[in-house]
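The structure appears below as structure tokens.
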Amino acid sequence: MSLEFLELLAREAALVEFERPVVAARAAGSPLLEELEQAKAVALRVRALLERRRRREEELSALYDTAGDLAGLRDVDAVLRAIVHRARTLLGVDCSYLTLNDAERGDTYMRITDGSVAASFQQLRLPPGAGLGGLVALTGTPYATANYPTDPRFQHTVEIDQGVGDEGLVAILGVPLRLGSAVIGVLFAANRAERPFAREEVALLSSLAAHAAVALDTARLLSETQTALAELSAANAVIQAHSVSVERAADAHDRMTAVVLRGGGVDDVAADLVGVLHGALVVIDAQGRTVATARTPGSPAAVPDPEGVELGEAVAASRSEGRSVRRDDLIIAAVVAGADNLGALLFRPDQPLAAADQRILERAAQITALLLLFRRTVADAEAQVRGDLLDDLISRPVREPDAIRNRAARLGLDLDAPYVLVVAGQELRQQAVSWARTFAAGRQGLAVMREGRIALLLPGDDPAALSRLVARELARVLGAGVTAGAAGPASGAAAVAGAYREADQCLDALIALGRSGHGACAADLGYVGLLLGDRRDVAGFVRRAAGPVIEYDERRGTALVRTLEAYFAAGGGLAKAAEALHVHVNTVTQRLDRVAQLLGDDWAEPSRVLDLQLALRLHRLR
């Protein structure tokens, strides 16, 4: 039965075909109907995951193709047409188009359309602030509507509404084309039926808009250079300086485009940037953590320290102005993708930068945003896959151990090696999930959120130490105490569910015992630990509670164990204990002093007495 679903997945069957095996089994009265339903559900989840990956690959391929177009830019109109067409294809919309601002007339006109059929729409001009596109061009902010004709947020005009109506458009998304701090146009994706636009779609369209702006800007720079060479032949020095600047920009553009095309990372962009603009660079993420550093060999500039700069105000200014900003001897460029703040570039140049050189830094920020967006998307997909595996191990019986073992191996996890299950917190926020995924992945483990708690499967053989580590590190991230219970070590896929139950019960016990904010395993809970999980480590409990006293008697032939039993039987009375042992009271006192040396001065505290009494009774029974 499961093989049939695999065959459907292999040939990328339509969604409705996955119902056929279930319908056939139901008609035949098969006893495996419930198992078939479960297999169908798993197959549909796999199909959805493969579809998301396929779509993301298409998006990445299109962005790489766009970057390649820019690298070999010859015809700006051809590049813009390719960008507009890719926007329509990737977002799955009926129509896409690009408008540019007309500085002379003070309005916005249609430059490129894809999928349009109405001539009146293709000739539209939008006054400042009118319609969705006019509002985007005026404010420089992305806008989206699921139903434009009925949306009161926009200034409707007869001409615009007639053009939109002739085209039959309903849902519209528009993002600005930024050139420095100025908005030079708008890139649109539109549908002829109602539909919402997801945040990822806004970010993708914004990335395409950034490439379109780069194409226009590069074409403008080339045009300006040619004009300057033709008209200012007498000002040779100025022309040479401008030419060097343009060549440096082109060099930087080619380098960073090549980084994207070869699948490089943020480190490569940083290294290429300081190779063109001499100085020292730090790249930080949205949380202010250093992602990459680079410094030109022999540069006198010190690497910027993110903690020594008032970053919040500077990054906000760079985002709002759409360009890099100067703060003392630093130039700061925000790294953004649509409305997402992804971090910033902090650059300390060897000498003051010209405006064109600052644009190189800003383009590097755009490329960095693209790479960080790729990395985050890949990381989210991988984390989801790892979480799904742990959730399956916890919630479903392991019927195919080899398949599970291979699935884990593809994620870098050896389930046959010792591992520990840790369950932490109650009603945790999404920030805790992100931390747990990163923490587990860094240790070749798994993490998943279940019923408001984080479950982590971590390689290792010390549940007590790992529980304390998780509680401590997660509390530091959240700024509040976190409780963590652990179980293990265990091995094998079949043992995961039992270890999870024991760790979860250990967490409940910690909270019930008033030990919130701590990490522990069953062995740390004394007699309570004997009641948790499927294992009853009586010998271990006796060893932890009374082992030093028992071993002392065995080595020296003393009667410390018998003295403790008599002491407890007498309710802590020294005289009664001495009478029962037929020794002097001083002898009992001396023996109890020896017990304190072996077990610690707090051995008679109520929290330890119960464990000690139970351990002595279990020792007597054994």
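The values are calculated or read from the model by the stated rules, or taken from the named source; none is laboratory data. Since this is a predicted model, take the numbers as computed values, not measurements. Neighbour counts run over all protein chains shown; Cβ positions are idealised from the backbone, glycine included.
Output the residue which, of all residues in the range 567-578 that are over 12 Å from residue 591 (Cα atoms) and modelled with pLDDT under 75, is surrounded by the most Cβ atoms within 10 Å (Cβ to Cβ). Restricting to residues being over 12 Å from residue 591 (Cα atoms) and modelled with pLDDT under 75, the top hit is 570. Looking across 129, 180, 165, 133, one residue alone is in the same structural domain as residue 108 (by TED's automatic domain parsing) and either farther than 30 Å from residue 363 by Cβ or among the basic types (Lys, Arg) (or both). It is 165. Among the candidates 66, 99, 89, the residue that is under 19 Å from residue 185 (Cα atoms), polar (S, T, N, Q) and at pLDDT 75 or above is uniquely 99. Residues in the range 288-332 that are on the phi > 0 side of the Ramachandran plot and loosely packed, with under 15 Cβ neighbours inside 10 Å were compared, and the one that is nearest to the chain's Cα centre (by Cα) is 288. Considered as a group, the residues in the range 206-242 that are modelled with pLDDT under 60 and of a type outside the set (Val, Ile, Thr) include one that is farthest from residue 189 (Cα to Cα), and that residue is 234.
For the range 115-142, a tally of residues being assigned to a strand (DSSP E or B) and crowded, with 20+ Cβ neighbours inside 10 Å returns 2. For the range 143-162, residues that are among the small types (Gly, Ala, Ser) and not in a loop (DSSP other than H, G, I, E, B) total 1.
Residue count for the range 417-468 under the criterion of being acidic (Asp, Glu) and at pLDDT below 85: the result is 2. Every test in (1) buried (at least 20 other Cβ atoms within 10 Å of the Cβ); (2) of a type outside the set (Phe, Trp, Tyr); (3) modelled with pLDDT of 85 or more; (4) assigned to a helix (DSSP H, G or I) is passed by residue 529 save one, and that test is (3).
One residue stands out among those in the range 92-111 that are among the aliphatic types (A, V, I, L, M) and surrounded by fewer than 22 Cβ atoms within 10 Å (Cβ to Cβ): the one that is nearest to residue 168 (Cα to Cα), which is 110. Quick check on the range 243-260. Is at least one of its residues modelled with pLDDT of 85 or more and over 22 Å from residue 94 (Cβ atoms)? No, the range 243-260 contains no residue that is modelled with pLDDT of 85 or more and over 22 Å from residue 94 (Cβ atoms).
With respect to the conditions (1) basic (Lys, Arg); (2) modelled with pLDDT under 75; (3) surrounded by 14 or more Cβ atoms within 10 Å (Cβ to Cβ), residue 620 falls short on a single one, namely (3).
Regarding residue 475, is this residue assigned by TED's automatic domain parsing to the domain that holds residue 407 and part of a loop (DSSP other than H, G, I, E, B)? For residue 475, the condition - assigned by TED's automatic domain parsing to the domain that holds residue 407 and part of a loop (DSSP other than H, G, I, E, B) - is not met. Across the range 306-330, the number of residues qualifying as at pLDDT 75 or above and in a loop (DSSP other than H, G, I, E, B) comes to 5. Contact annotation: residue pairs with Cβ atoms under 6 Å, 6 or more positions apart or on different chains, pairing a residue in the range 435-463 that is more than 13 Å from residue 391 (Cβ to Cβ) with a partner that is acidic (Asp, Glu) and not in a strand (DSSP E or B), are 452/427.
Kindly check whether there is at least one residue in the range 158-173 that is under 30 Å from the mean Cα position of the chain (by Cα) and either among the charged types (D, E, K, R) or closer than 21 Å to residue 372 by Cβ (or both). So far as the range 158-173 goes, no, none of its residues is under 30 Å from the mean Cα position of the chain (by Cα) and either among the charged types (D, E, K, R) or closer than 21 Å to residue 372 by Cβ (or both). Of the residues in the range 490-499, not one is surrounded by fewer than 24 Cβ atoms within 10 Å (Cβ to Cβ), in contact with a helix residue (DSSP H, G or I) (Cβ under 9 Å, 6 or more places away or on another chain), at pLDDT 85 or above and closer than 17 Å to residue 519 by Cα.
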